[in-house]
1. Considering only the other residues whose Cβ falls under 11 Å of the Cβ of GLY207, what net charge follows from Lys and Arg at +1 and Asp and Glu at -1?
2. Say the cut-off is 18 Å between C-alpha atoms; which of LYS135/LYS193; LYS92/LYS135; LYS107/LYS193 go over it?
3. Is region 160-221 best put as rounded, prolate or oblate by its Cα gyration tensor, with a ≥ b ≥ c the root eigenvalues, rounded for a/c under 1.5, and otherwise prolate when a/b is larger than b/c, oblate when not?
4. With a 10 Å Cβ neighbour count serving as the proxy for reagent exposure, in which order, fewest first, do VAL181, VAL26, VAL224 appear?
5. Please arrange TYR160, TYR132, TYR206 by counting, for each residue, the other beta carbons lying within 10 Å of its beta carbon, fewest first.
6. Just rank ASP229, ASP23, fewest to most, by other beta-carbon atoms within 10 angstrom.
7. Rounded if a/c is under 1.5, else prolate if a/b is larger than b/c, else oblate: which is region 103-223, with a ≥ b ≥ c the root eigenvalues of its Cα gyration tensor?
8. Using the Karplus curve 6.51 cos²θ - 1.76 cosθ + 1.60 with θ = phi - 60°, work out ³J(HN,Hα) for each residue of region 326-343 in order, rounded to whole Hz, and write x for Gly and Pro.
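Here, each number is a calculation from the coordinates, and none is a lab measurement. It should be emphasised that the depicted structure is a prediction, and the values quoted were computed from it without experimental measurement. No Cβ is skipped: glycine too gets one built from the backbone with ideal geometry, and neighbour counts run over all protein chains shown.
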Amino acid sequence: MGILDFLTGEFIDVIHWVDDTRDTMVWRFEREGHEIKYGAKLTVREGQAAVFVHEGQLADVFTPGMYFLETNNMPILTKLQHWDHGFQSPFKSEIYFVNTTRFSNLKWGTKNPVILRDPEFGPVRVRAYGTYTIKVTNPARFLTEIVGTDGEFTMDEISYQIRNIIVQEFSRVIAQSGIPVLDMAANTDDLGKLVATQISGTLEQYGLTMPELYIENISLPPAVEAALDKRTSMGMAGDLGRFTQYSAAEAMTAAASNPTGGGGIGAGLGMGMGMAMAQQMAQQSGPWGAVPAQQQATPPAPPPPVEKVWHIAEDGETKGPYSRASMGRMAKDGALTRDTLVWTAGMDGWHRANDIDELAQLFTVLPPPAPQG
């Protein structure tokens, strides 16, 4: 091998691209004066394509493999230049590497609500967001339509335009689907595939495809969500007769667990409040929770009256609680007098029994003393 052959071999270009980023879609191989030596070795790795541009014209596209840039294996370039097979001067050309792998986990979302006509709720506004995947399928068209002469083209430069296409197609598809908003959560997979299919025609013009589009969430305005929550709560109540029993039992349990005021007082108040609350709800029931016909014919009995219980203070000690019947027997036996200090729930302090109308009546049951005379 002569010295000339040795020097020629030493100065042969090695053209390749190792992508160490996550968002670069196109990268231009830089060479001073855009001169690429004749016979240069071009390496295109899996997940890449190389686009050869000569003096502004797209000459060829190389798929994964190793190539030597010569006129005998570049028929398009040879046709452009009408070169002879012996011409071995440098190419005045550029090489663009295109990333053909999938760019995944890209975000999209509706900036403004989408208005649609729901068969159950009428006109409603919905928002949606999710992720999508993009892939270059036609490197030459992508370079011609989108990239141009950009030496390093990233996903961020086109993501905004793709998001606008997604939102436009999503708004059209969801408005024409006729799917009730309550059933959209169960159909997000089909909606995503339908939107991706509709978008594919537009993206194909740019040399792109969308293998996947996911709808993660479709949400309603807060006012509509509050109405749905109320409807769900009323639906969970079900039979208002059973709900009445449940409310009364809950009130009694809560009152019994309260140590203040005595177990008898808590149980009586809890039962009365629970029954009253349940009865009021039954009377105000509307279309969300209709009362069965049997219960409408036989309304529940009114709550029993709540009986007071009394405490007595004697010699610095508190006794009780006593029912009113017990207080009557004590008044008859003389254990309870008009001056005895008493107290019950709701009173602000101890008072004489004679000052309480309910207890003062106990002392008028017995006949008054006989007149002297």
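1. Overall, the nearby charge balance is 0.
2. LYS92/LYS135
3. Judged from the Cα gyration tensor, region 160-221 comes out prolate (a/c at least 1.5, a/b above b/c).
4. Working: VAL181 20, VAL26 23, VAL224 16.
Listing VAL181, VAL26, VAL224 from fewest to most nearby Cβ atoms yields VAL224, VAL181, VAL26.
5. Lowest count first: TYR160, TYR206, TYR132.
6. ASP229, ASP23
7. Note, shape of region 103-223 comes out prolate.
8. 5, 5, x, 5, 5, 5, 5, 7, x, 6, 10, 10, 5, 8, 5, 7, 10, 8
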